[in-house]
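*Asks:* For reference, the structure I am asking about is given below.
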């Protein structure tokens, strides 16, 4: 119906209810946009404020200013990330990425930043713009920002991305040509292991190599599908084909299909594949396992080079499959409940192995670095005039080099009340407990005035 030239929508009860729900949804979307925008602003504000928390002393390993993002962004304290990523509940890499994108968006894309802060554009779209332009100079990024500001409001996001890609090329054609050359140097193959015996293969290849690999997989998959009784779908056949290509025969020569005498289509005579890396087998048992052998679950964890380290928990049958073509070394049993000690500062191999097996990862809050790639830090600093037995698992914990520096020079404090349990206090007073279960946020300690400069130096020793 029409009233005074304007239309009025008449709704029944069901339509009215749906409209109320839709209105609530729209309000939730607006609130989410404002919250995410505010989060980006607070990350930038903390980066600005944190530069004065820890004095920038000229000492080896001490805090220093580093670039917060791309060309034209503010410098930040490199210890900021140790404060930031526990606050966000994410690993340091994710926190670094958010920080870079936030300061890039604020300092290099003022129009897009304002649209995000006004709630007109979702924060994630602003972050994508900042990320896609991070290789550009500040002036080139500002030019793209000026051109994309209208499109990001009026166009569907896929169209924005296409327009953005074109503007980035226009902004710096020489850089675009260099990226084509660099792209060939950025080729990679990555394997990410998931649950249930399944892994994901991601690769960036030269197009010609990708085509040839696709043809080889397709040819072999077609042969599998042509075999009577093959149970899989076409997608399964392609996955099986890639697995067959990766399986060496016993003497390490051309890959062949298991049980077949024929060389696979496309393989070259005399092609030799490297032998799989050696494996170390460690058997973990606790008191309940020993007391009740029938209770031992047929589950294990695989560690080692060549991507094995990321596989995680697997069934013992899968371990047999993974170790089938490898030389296996069985280590002596370690009692992780023990606390062997030495007097020297240097950490013997047996104690290092003990701590790595106990903690598995860095013991910094929400850390993601595997213990094998970490320094082993003395939780209580080792003293030449100290008591005997200072180097022992109950006084050691794995830390990445940056986390180690943050503990030594960045105002972080930690203690290990029990072996493998670490209580951390950040320079801003936030407290965390790290144990074999992960990171737990603890009640904050009451704030107090900062210590004198000389005291801060003493704490950093």
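*Asks:* Could you tell me which numbered condition residue 201 fails, if it satisfies all but one of (1) in contact with a strand residue (DSSP E or B) (Cβ under 6 Å, 6 or more places away or on another chain); (2) touching a residue at least 12 places away in the same chain (Cβ under 8 Å); (3) loosely packed, with under 11 Cβ neighbours inside 10 Å?
*Replies:* For residue 201, the exception is condition (3).
*Asks:* Name, by its number, the condition in (1) free of Cβ contacts under 8 Å to residues at least 40 places away in the same chain; (2) out of contact with any strand residue (DSSP E or B) (no Cβ under 6 Å at 6 or more places or on another chain); (3) part of a helix (DSSP H, G or I) that does not hold for residue 51.
*Replies:* Checking residue 51 against (1) free of Cβ contacts under 8 Å to residues at least 40 places away in the same chain; (2) out of contact with any strand residue (DSSP E or B) (no Cβ under 6 Å at 6 or more places or on another chain); (3) part of a helix (DSSP H, G or I), the one that fails is (2).
*Asks:* Right, next: Being modelled with pLDDT of 95 or more, surrounded by fewer than 20 Cβ atoms within 10 Å (Cβ to Cβ) and not assigned by TED's automatic domain parsing to the domain that holds residue 364 narrows it down to one residue among 88, 105, 98; which is it?
*Replies:* On the way: 88 fails: modelled with pLDDT of 95 or more; 105 fails: surrounded by fewer than 20 Cβ atoms within 10 Å (Cβ to Cβ).
Checking each option against the conditions leaves just 98.
*Asks:* Are any of the residues in the stretch 84-101 part of a helix (DSSP H, G or I) and more than 24 Å from residue 362 (Cα to Cα)? First the steps, then the outcome.
*Replies:* To start, the set of residues in the stretch 84-101 that are part of a helix (DSSP H, G or I) comprises 84-88, 92-101.
Filter once more, so that each one left must be more than 24 Å from residue 362 (Cα to Cα): 101.
Yes - at least one qualifying residue is present in the stretch 84-101.
*Asks:* Do we find a residue being closer than 30 Å to residue 412 by Cα, outside any helix (DSSP H, G or I) and either modelled with pLDDT under 95 or within 25 Å of the chain's Cα centre (by Cα) (or both) anywhere in the stretch 141-158?
*Replies:* First, pick out the residues of the stretch 141-158 that are closer than 30 Å to residue 412 by Cα: none.
No; the residues of the stretch 141-158 include none that is closer than 30 Å to residue 412 by Cα, outside any helix (DSSP H, G or I) and either modelled with pLDDT under 95 or within 25 Å of the chain's Cα centre (by Cα) (or both).
*Asks:* How many of the residues making up the stretch 329-353 are modelled with pLDDT of 85 or more and either within 25 Å of the chain's Cα centre (by Cα) or in a strand (DSSP E or B) (or both)?
*Replies:* Qualifying residue count for the region: 3.
*Asks:* Among 370, 395, which is in contact with a strand residue (DSSP E or B) (Cβ under 8 Å, 6 or more places away or on another chain), closer than 24 Å to residue 87 by Cβ and surrounded by fewer than 21 Cβ atoms within 10 Å (Cβ to Cβ)? Write out each step before concluding.
*Replies:* Details: 395 fails: closer than 24 Å to residue 87 by Cβ.
Just a single option satisfies the conditions, and that option is 370.
*Asks:* Which residues, taken from the stretch 383-407, are outside any strand (DSSP E or B) and over 20 Å from residue 62 (Cβ atoms)? Walk me through how you get there before you give the answer.
*Replies:* Kept after step one, since they are outside any strand (DSSP E or B), are these residues of the stretch 383-407: 383-390, 392-395, 400-407.
383, 384, 385, 386, 387, 388, 389, 390, 392, 393, 394, 395, listed by residue number.
*Asks:* Take the stretch 113-126 and flag every residue that is outside any loop (DSSP other than H, G, I, E, B) and touching a residue at least 60 places away in the same chain (Cβ under 8 Å).
*Replies:* Selection gives 116, 117, 123, 124, 126.
*Asks:* Still on this structure, please answer the following. Please specify each residue of the stretch 102-112 satisfying the condition of being in a helix (DSSP H, G or I) and closer than 17 Å to residue 148 by Cα. Break it down stepwise before answering.
*Replies:* Within the stretch 102-112, the subset in a helix (DSSP H, G or I) is 102-108, 110-112.
Residues satisfying the conditions are 104, 105, 106, 107, 108, 110, 111, 112.
The values are calculated or read from the model by the stated rules, or taken from the named source; none is laboratory data. In this text the structure is predicted, and so the values were computed from the model without any measurement. Neighbour counts are summed over all protein chains in view; Cβ atoms, including those assigned to glycine, are modelled from backbone coordinates with ideal geometry.
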